[in-house]
Each structure stands twice: as C-alpha cells, then as structure tokens.
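S.K.: One structure is given below, represented as structure tokens, and several questions about it will come after.
The values are calculated or read from the model by the stated rules, or taken from the named source; none is laboratory data. Since we're looking at a predicted model, the values are computed, not measured. Note that we place each Cβ from the backbone using ideal geometry, even for glycine, and neighbour counts take in every protein chain shown.
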Amino acid sequence: MTCSILILNGPNLNLLGTRQPEVYGATTLADIESLCQAKADALGIKIIFAQSNHEGELVDLLHAARGVHDGVILNAGAYTHTSVALMDAISSIMLPVVELHLSNIHAREVFRQKSYVAPVAVGQICGFGAAGYPLALDAIVSYIGEKK
Ligand code: DQA
C-alpha cells in the first residue's frame with residue numbers, strides 16, 4: 001500500500017510569501033505544496049496538504065488522519081507554543097508526527113522556544129525555511145520505513 005502523509009499547517013501560514021518575508025522567506029504556501037508534491041512523487045508516496053487558522057479544526061484534522069494516513073508533518077504555527085489540545089490530539093492518534101517550522105524557533109523570542117508539540121513528536125525540523133518541508137518528508141518516510 002502507498003504511504004500517505006498529511007502535511008498540516010496552522011495559523012497565519014496561509015499568508016506565507018507576504019508575511020514577514022525577512023523571517024519566513026518569500027515562498028508562498030502554494031509554492032511549498034508544489035515542492036512537497038514533487039518530493040512525494042520522487043519518493044513514490046501520497047500527500048494531502050492542508051491549512052487552518054483554527055485550533056479546533058487542526059484537532060479535527062489530526063483525528064481524521066488516524067487510519068487514513070501513515071504519518072503527519074505539522075507546522076502548528078503559534079499554536080505550537082500554546083496548545084495543550086494539539087499536544088493531546090497528537091498523543092491520541094497513534095501516528096508519527098514530525099514537528100516543522102520554517103524559522104529556527106530556538107533562536108527567536110523566549111516564548112517561541114517552548115513547544116507543546118515537541119514532547120509528542122518523533123522529531124523536529126526547523127530553521128531551513130521552505131526547504132524544511134521536503135526534508136521532513138524524507139525524515140518521516142525513513143522513520144516509517146524503519147518501524148515496518
Ligand atoms: C512558525 C514559528 C512560530 O513561532 C510562528 O508562530 C509561526 C511560524 C515557523 O514555521 O517558523 O506562525 O511555526
């Protein structure tokens with residue numbers, strides 16, 4: 001069966017390209033989706049790409065991933081630093097989750113250095129801008145492959 005990965009993006013990431021380009025770069029979310037699709041084609045896997053500005057909708061999308069996808073790449077945006085609900089959802093779905101950030105959250109404000117996703121993720125990729133997304137696909141596919 002083809003491996004299927006959900007790539008889930010949180011609040012304000014729909015504005016990539018125009019949102020603080022000095023921090024997040026000039027690449028749009030649509031460009032990132034194309035990058036991910038090219039990487040998925042090269043890896044021979046399926047991806048679903050989604051974005052929501054709403055915490056509860058992100059929780060719903062994580063729940064819906066169970067039994068449908070083999071893993072999740074999650075850029076939870078600012079909810080990374082606040083959301084026990086997202087942490088609990090990740091703990092509940094029994095799927096590997098790779099935490100992703102465009103910026104290096106550890107080199108930014110102190111409040112961004114706390115992640116509620118990190119303790120329940122299999123790993124974290126941050127600081128590589130849009131290039132982090134295909135890196136995260138490589139990482140999760142290799143993680144899933146080793147578990148099989
Ligand atoms: C982000 C980092 C978060 O701190 C911030 O709130 C975002 C984007 C990133 O991709 O670098 O919205 O997740």
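S.K.: Looking at segment 98-148, which of its residues are assigned to a loop (DSSP other than H, G, I, E, B) and among the aliphatic types (A, V, I, L, M)?
M.R.: The initial filter retains those residues of segment 98-148 that are assigned to a loop (DSSP other than H, G, I, E, B), namely 102-104, 108-109, 113-117, 121-122, 127-128, 148.
L102, V117, A121, V122 - these are the residues of segment 98-148 that are assigned to a loop (DSSP other than H, G, I, E, B) and among the aliphatic types (A, V, I, L, M).
S.K.: Considering only residues that are more than 16 Å from the ligand (Cβ to nearest atom) and within 22 Å of K39 (Cα to Cα), look in segment 63-90 and name the one that is surrounded by the fewest Cβ atoms within 10 Å (Cβ to Cβ).
M.R.: Ranking the candidates gives V68 first.
S.K.: Do you know which of the residues in segment 16-47 that are hydrophobic (A, V, I, L, M, F, W, C), surrounded by fewer than 14 Cβ atoms within 10 Å (Cβ to Cβ) and modelled with pLDDT of 95 or more is farthest from the ligand (Cβ to nearest atom)?
M.R.: Within segment 16-47, the first condition is being hydrophobic (A, V, I, L, M, F, W, C), and the residues that meet it are 16, 23, 26, 29-30, 32, 35-36, 38, 40, 42-43, 45, 47.
If we keep only those that are surrounded by fewer than 14 Cβ atoms within 10 Å (Cβ to Cβ) as well, we get 23, 26, 30, 38, 42.
Of the ones still in play, those that are also modelled with pLDDT of 95 or more are 30, 38, 42.
Values: A30: 16, A38: 20, A42: 23 Å.
Applying the filter and picking the extreme gives A42.
S.K.: Related question: Out of all the residues in segment 92-102, is one or more out of contact with any strand residue (DSSP E or B) (no Cβ under 9 Å at 6 or more places or on another chain) and of a type in the set (D, E, K, R)?
M.R.: Taking segment 92-102 and keeping what is out of contact with any strand residue (DSSP E or B) (no Cβ under 9 Å at 6 or more places or on another chain), we get 92, 94.
Filter once more, so that each one left must be of a type in the set (D, E, K, R): none.
The answer is no, given that none of the residues of segment 92-102 is out of contact with any strand residue (DSSP E or B) (no Cβ under 9 Å at 6 or more places or on another chain) and of a type in the set (D, E, K, R).
S.K.: With S142, S103, S52 as the choices, which residue is away from the ligand (no atom under 16 Å from the Cβ) and of a type in the set (S, T, Y)?
M.R.: On the way: S103 fails: away from the ligand (no atom under 16 Å from the Cβ); S52 fails: away from the ligand (no atom under 16 Å from the Cβ).
That would be S142, the only listed residue that is away from the ligand (no atom under 16 Å from the Cβ) and of a type in the set (S, T, Y).
S.K.: Filter segment 63-86 down to residues that are out of contact with any helix residue (DSSP H, G or I) (no Cβ under 7 Å at 6 or more places or on another chain) and small (G, A, S) and give me whichever is farthest from G129 (Cα to Cα). Let's see the steps before the verdict.
M.R.: Of the residues in segment 63-86, the ones out of contact with any helix residue (DSSP H, G or I) (no Cβ under 7 Å at 6 or more places or on another chain) are 64, 67-69, 74, 78, 80, 82, 84.
So of that shortlist, the ones also small (G, A, S) come out as 64, 67, 78.
Values: A64: 27, G67: 30, A78: 16 Å.
By that ranking, first place goes to G67.
S.K.: Please work out which residue is farthest from the chain's Cα centre (by Cα), limiting yourself to segment 1-15 and to residues that are exposed (fewer than 15 other Cβ atoms within 10 Å of the Cβ) and away from the ligand (no atom under 11 Å from the Cβ). Don't jump to the end; show me each part of the working.
M.R.: Initial filter on segment 1-15 (exposed (fewer than 15 other Cβ atoms within 10 Å of the Cβ)): 1-2, 12, 15.
Filter once more, so that each one left must be away from the ligand (no atom under 11 Å from the Cβ): 1-2.
Numbers: M1: 23, T2: 20 Å.
Among them, the one singled out is M1.
S.K.: Tell me the residue from Y133, Y116, Y143 that is surrounded by 14 or more Cβ atoms within 10 Å (Cβ to Cβ), within 13 Å of the chain's Cα centre (by Cα) and either closer than 19 Å to I32 by Cα or not polar (S, T, N, Q) (or both), please.
M.R.: Working: Y116 fails: within 13 Å of the chain's Cα centre (by Cα); Y143 fails: within 13 Å of the chain's Cα centre (by Cα).
Going through Y133, Y116, Y143 in turn, just one is surrounded by 14 or more Cβ atoms within 10 Å (Cβ to Cβ), within 13 Å of the chain's Cα centre (by Cα) and either closer than 19 Å to I32 by Cα or not polar (S, T, N, Q) (or both): Y133.
S.K.: Has segment 118-139 got at least one residue that is away from the ligand (no atom under 15 Å from the Cβ), among the acidic types (D, E) and within 22 Å of A42 (Cβ to Cβ)?
M.R.: yes
Let's see how each residue does on (1) part of a helix (DSSP H, G or I); (2) in contact with a Phe, Trp or Tyr (Cβ under 8 Å, 6 or more places away or on another chain); (3) not basic (K, R):
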position	(1), (2), (3)
D31	yes, no, yes
L35	yes, yes, yes
A42	yes, no, yes
I48	no, no, yes
H69	no, no, yes
V72	no, no, yes
M87	yes, yes, yes
S91	yes, no, yes
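S.K.: Does E57 meet the test of being surrounded by 13 or more Cβ atoms within 10 Å (Cβ to Cβ), in a strand (DSSP E or B) and among the charged types (D, E, K, R)? Lay out the reasoning, then the answer.
M.R.: Values: surrounded by 13 or more Cβ atoms within 10 Å (Cβ to Cβ): yes; in a strand (DSSP E or B): no; among the charged types (D, E, K, R): yes.
No, not satisfied.
S.K.: Before we move on, is V97 in contact (Cβ under 8 Å) with a residue 24 or more places away in the chain, surrounded by 15 or more Cβ atoms within 10 Å (Cβ to Cβ) and away from the ligand (no atom under 13 Å from the Cβ)? Steps first, please.
M.R.: Details: in contact (Cβ under 8 Å) with a residue 24 or more places away in the chain: yes; surrounded by 15 or more Cβ atoms within 10 Å (Cβ to Cβ): yes; away from the ligand (no atom under 13 Å from the Cβ): yes.
When the stated conditions are applied, V97 passes them.
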